[in-house]
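Input: a single structure, listed below in structure tokens.
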Amino acid sequence: MHIGCPRSEIRVSVATCNPRQLSFIVLYTLFLAACATTAPRAPLRQAATHDVAPVARDKDLPLKLIGAELALQRNDLAGGARGYSEAAQLSADPAIAEQATRLAIAVEQWSLARQSLARWQMLDADAAGILQARAWIALSEGDVETAFSQLEALTRRASGNAWRPVAQVLLGAADKKLAQSLLARLATPPRLGNKEQDWIAMSQLAFKLGDKALAGKLSADAVARFKSGDAYAWSAQLALDSGDKAAARERFQNALKRDPSSLRLRTGYAALLADGGDNAGAARALAAGAQTDVTYGARAAYVSRANDKAMLAALYREIEADKSERGGKRIFLLGQLAEILGKTAQALDWYREVPEDDERWLDAGIRSVVLTDQAGDTDAAFERISQLRIAAGAESREAVDLVLLEADLYARKSRASDAVAAYSRGLDQYPGEPRLLYARAMLAIEGDDFARGERDLRAIIAADPENAEAMNALGYTLADRNDRVAEAQALIEKALALKPDEPAIVDSYGWVLYRRGQLDEAITQLRRAYALQPDAEIAAHLGEILWAKGERAEAKRVWEEGMAKDAKNRVLLETMRRLIS
């Protein structure tokens, strides 16, 4: 079989290629060259009458390029730089010399960089990249004035992004103070001219280099010159960085006056307002322009945090009245809003409308199960789970979620044995599934079947020795029973080493210290846990130890805070009944 050679030409700008792109071009070019020089085979009786002299290895350009590319594929940048430098001396292609120069600069092989740069200059003296390379090399040698002259020449280039290579050099400089001083000399009104994006970009560069004073000056000049939305927005970000939230708000407002349709500006302003605790204001900021699924979702989140039911109801009506195309994301949001507003029937209708090919379909199905059960139709809820399980497929990760949901429904109905059976059926189908083992263990421990709970937790740890959640659960249970406290502390300390800032684990550590009689250290750890996550159960533990220390007024205050967050928390209620009554 004869395989013909391609005849189409390659017209690719090698100067813009990265090493991987250049690899393809080099190898493909070599393939074409091989095809172009392969003549039809002559009959044996007409054998060639002359010999072809072999190319010396040190003069073999294709071999040099292949060697350089293989080095790059091994992540040997220094070897790639050497190979390209050798190839550049043999080639008349400036792109190869440029690649050699840039690689040598990247690995800080400055002598090699100068050698490759000299070849590049010889082949293409007018290339803008030569100025950048000269500046880079000059900075490495501490030649500040040469670096400045080359960067200044770059700023005079007609190209629309002339400042980008300047920024690359300054950001890559090892001496940030030197980079700051060079930028201060370069970023002056005559050089920045009348391009707003250059003023803002150089202010941002100054900020990245740590020169906040220069960043502020350039930003203020940009605002004064252009009075644009982008200029005000960047000025607002600088004000926010300095802690002046009032100025940041004012500048964002000015930005929005000039560009009210900008989603980016509205989003930034909304985030600023929410950060200051004004979630309702954040929602109003996003409501001021054209609406998309993104803005609707963000507004819903902000209004929910504000706990403003009237605003939430108004948003629901607005989205419902929007006649633009509804995808699964918007339909699911409508279901969520209806559910929050207590419109159960409408929520169920919306959840049923989420298309099966939408990523939110299963979440919508799960919410419909929960709402159906809450409405009192438990049989229909279980039937819906069966339908979802068939649709999701037995091999999907969602199938495990549905087992968890089924068992949770049984547990909520105080049908613990049915819940355990559901977990066990799931484990028969998905042996060793850690989420099912963990859930079954927690249910068993809650029902005082400690032996079963311990077996499941130890099975998780045996399969995954760094499962901090399982170690913490087992350690807390052992500590709470007060009979294997040393073993409990070892488990919790290992979990804490894996996740030192996990509130639940810090809480368990405080609790085990309390069980060992180390009250002061226990209070320290529980205060830290409560600061990380001020929930009702941690409040119960912290209050109990404060009570044991005789600090009963503070204990009651902590419990009251916990009650305000979750008045039905079983651990908190049991603790208060046991100690106060």
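The values are calculated or read from the model by the stated rules, or taken from the named source; none is laboratory data. Computed from a prediction, not measured in an experiment: that's the story for all the values here. Here the Cβ positions follow ideal geometry from the backbone for every residue, glycine too, while neighbour counts run over all protein chains shown. In case anyone asks, the SASA skips ligands and DNA or RNA and just uses the protein heavy atoms, side chains included. Shrake-Rupley method; radii C 1.70, N 1.55, O 1.52, S 1.80 Å.
Numbers at a glance
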{"read-out": "Nearest-20 debye value, the stretch 453-581 charge dipole, Cβ charges on Lys, Arg, Asp, Glu", "value": "440"}
{"read-out": "Where the chain is the region considered: accessible area per residue in Å², 1.4 Å probe", "value": "53"}
{"read-out": "With DNA, RNA and ligands ignored, accessible area of Glu466 (1.4 Å probe; Å², nearest 10)", "value": "130"}
{"read-out": "Environment charge of Ala479, counting only residues whose C-beta is closer than 15 Å and scoring Lys/Arg +1, Asp/Glu -1", "value": "-4"}
{"read-out": "Relative contact order of the stretch 284-365, pairs being alpha-carbon contacts under 8 Å that are 6 or more residues apart, as %", "value": "22"}
{"read-out": "14 Å beta-carbon shell around Ala128, net charge (K/R +1, D/E -1)", "value": "+1"}
{"read-out": "3J(HN,Hα) from dihedral phi, the stretch 554-560, Karplus parametrisation 6.51/-1.76/1.60, rounded to Hz, x for glycine, proline", "value": "5, 4, 5, 5, 5, 5, 4"}
{"read-out": "About the Cα centre, charge dipole magnitude for the stretch 214-336 (Lys/Arg +1, Asp/Glu -1 at Cβ), debye", "value": "160"}
{"read-out": "Nearest-ten-degree value, helix 163-172 long axis tilted from longest Cα axis of the chain", "value": "70"}
{"read-out": "Listed residues Ala564, Ser417, Ala247: farthest to the positive end of the dipole of the chain (Cβ charges)", "value": "Ala247"}
{"read-out": "Residue-level accessible surface for Tyr316, protein heavy atoms, 1.4 Å, Å²", "value": "10"}
{"read-out": "For Cα Rg over 2.2 N^0.38 Å, calculated from these coordinates, the label among [x] 0.96; [y] 1.39; [z] 1.10", "value": "[y]"}
{"read-out": "For the stretch 203-289: rounded, prolate or oblate by the Cα gyration tensor [a/c cutoff 1.5]", "value": "oblate"}
{"read-out": "Efficiency of FRET between Glu521 and Lys413 - r from beta-carbon atoms, R0 51 angstrom, step 0.05", "value": "0.75"}
{"read-out": "Karplus 3J(HN,Hα) series, Hz, for the stretch 359-369 with 6.51 cos²θ - 1.76 cosθ + 1.60 (x for Gly, Pro)", "value": "5, 8, 4, 5, 4, 5, x, 5, 5, 5, 5"}
{"read-out": "Accessible surface of the stretch 199-299 [probe 1.4 Å, protein heavy atoms]: carbon and sulfur percent", "value": "52"}
{"read-out": "Stokes-Einstein D for the stretch 112-216, Kirkwood Rh over Cα pairs, 25 °C, 0.890 mPa s (µm²/s)", "value": "175"}
{"read-out": "Cβ-derived FRET efficiency at R0 56 Å, Asp124 paired with Asp566, nearest 0.05", "value": "0.20"}
{"read-out": "Acute angle (nearest 10 degrees) that the helix 450-463 long axis makes with the longest principal axis of the chain, alpha-carbon atoms", "value": "10"}
{"read-out": "Theoretical ellipticity at 222 nm over the chain - DSSP helices of four or more residues, -39500 (n - 2.57) apiece, nearest 500", "value": "-23500 deg cm²/dmol"}
{"read-out": "Accessible-area order (highest first, 1.4 angstrom probe) of the listed residues Glu359, Glu551, Glu152", "value": "Glu359, Glu551, Glu152"}
{"read-out": "Charge dipole of the chain about the Cα centre (unit charges at C-beta), most positive-ward option of Val144, Leu491, Ser304", "value": "Val144"}
{"read-out": "Carbon plus sulfur fraction of accessible area for the stretch 425-581, probe 1.4 Å, in percent", "value": "49"}
{"read-out": "Hits among lysines - C-alpha to C-alpha of Lys565 under 18 Å, sequence gap 8 or more where chains match", "value": "Lys556"}
{"read-out": "Size of the stretch 225-373 as Cα extents on the principal axes (Å, biggest first)", "value": "59, 28, 23"}
{"read-out": "Helix 77-90 vs. the chain, principal-axis angle (Cα, 0 to 90°, nearest 10)", "value": "20"}
{"read-out": "Convex hull volume per residue for the stretch 280-341, taking Cα atoms only, in Å³", "value": "69"}
{"read-out": "Apportionment of accessible area to carbon and sulfur, the stretch 329-403, percent (1.4 Å)", "value": "44"}
{"read-out": "Efficiency of FRET from Cβ geometry, Glu325 and Ala421, R₀ 41 Å, rounded to 0.05", "value": "0.35"}
{"read-out": "Check: the stretch 124-192 dipole with +1 on Lys, Arg Cβ and -1 on Asp, Glu Cβ, in debye", "value": "320"}
{"read-out": "Protection proxy ranking of 392-401, 164-173 - average other beta-carbon atoms within 10 Å, highest first", "value": "164-173, 392-401"}
{"read-out": "Summed side-chain charge close to Met576 - residues other than Met576 whose Cβ falls under 13 Å, Lys, Arg +1, Asp, Glu -1", "value": "+1"}
